[in-house]
Amino acid sequence: MDNIRHIFFDLDHTLWDFDTNSKETLAELFVQFDLQSYGIEKSKYFVDRYQIQNDRLWALYRENRISKSQLRSARFEATLKDFKIDNKRLSKEIGRAYVDQCPRKTKLNDGAIGVLNALKDNYTLHIVSNGFDESQRMKLEVSGIGSYFKEIITSEKAQAKKPNPRIFQYAERVTSAKPNESIMIGDNYSIDILGALNAEWKAIHYCPEGNSQHEMSIQVLPELLPLFFESSNNGLTT
Ligand SMILES: [Mg+2]
């Protein structure tokens, strides 16, 4: 890790516990909109179908085949249709409530704050996220980690989404970081890791399942610390 000065973190699923926060929001929406009265028996069924539809639509969004607003309305419309509920107005309202409520959730992945605290004095920390600007800023603020990061780089600002090299080049310009001083830490192999490697950055794959295809990977966030600090020849650069 010689030369590394800038650490770029992905946010969703890497620092911010997206699964827990999103599931919690969806379970609340299930009650709030009384979805049982529309014939969805259990909150779990709603959450499961949403995750499938959201993943499918996010892949289209990442490839620029649908817009942000299409993504936001279509994911609940498609979820409700899976239960034979054809109700555009309802899906719009749920969609709006989700976008408003989910970023207010505060669960972080284990060890996140300890790791940021340990790294902050020796490295400059930033976020690089494909999420929406206002949502990501809200998540950082309410979960109490906003102040650790110098730059919050979102695909909306960069006008390019990971793994497109343009977002990594944009990050270099904004932070004055050189590729050989930069490392990306993220949970998605094809987006975060391959994107960073293409930009000639280093990368660490946060892979809780432990079956990473990348040579440098961790299963829990605190495993980052020995990589950055343990021995003088693979770690600390001050
Ligand atoms: Mg992620």
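The numbers here are math on the coordinates, done by the rules we state, and not lab data. Being a predicted model, the structure only gives us computed values, none of them experimental. Backbone-built Cβ (ideal geometry, glycine too); neighbour counts: all protein chains shown.
Work out which helices of the chain, taken as complete DSSP H runs, extend at least 27 Å along their axis over the Cα atoms and score a mean Kyte-Doolittle of -1.0 or more, then list them.
Span-like helices, by this rule, are 43-62.
Over 22 Å between Cα atoms: which of Lys162/Lys202; Lys157/Lys178; Lys84/Lys107 fall into that group?
As for pairs spanning more than 22 Å Cα to Cα, those are Lys84/Lys107.
Amide H neighbours of Ser129 under 5 Å, counting only residues 5+ apart in sequence or on other chains, H built in-plane at 1.01 Å?
For Ser129, the qualifying residues are Ile153, Thr154, Ser155.
Going by average Cβ density within 10 Å per residue, which order do the peptides 63-76, 184-197, 158-171 take, highest to lowest?
The most tightly packed comes first, giving 184-197, 158-171, 63-76.
Among 82-94, 105-117, how do they line up from the highest to the lowest mean number of other beta-carbon atoms within 10 Å?
The densest-packed peptide leads the list: 105-117, 82-94.
Just how large is the dipole of the chain about the Cα centre, in debye to the nearest 20, putting +1 at every Lys and Arg Cβ and -1 at every Asp and Glu Cβ?
For the chain, the charge dipole is close to 940 debye.
Enumerate the lysines that Lys81 could reach by cross-link, defined here as Cα to Cα under 18 Å, with residues fewer than 8 away along the same chain left out.
Counting by Cα, and skipping residues close in sequence, Lys81 has these lysines nearby: Lys42, Lys44, Lys92.
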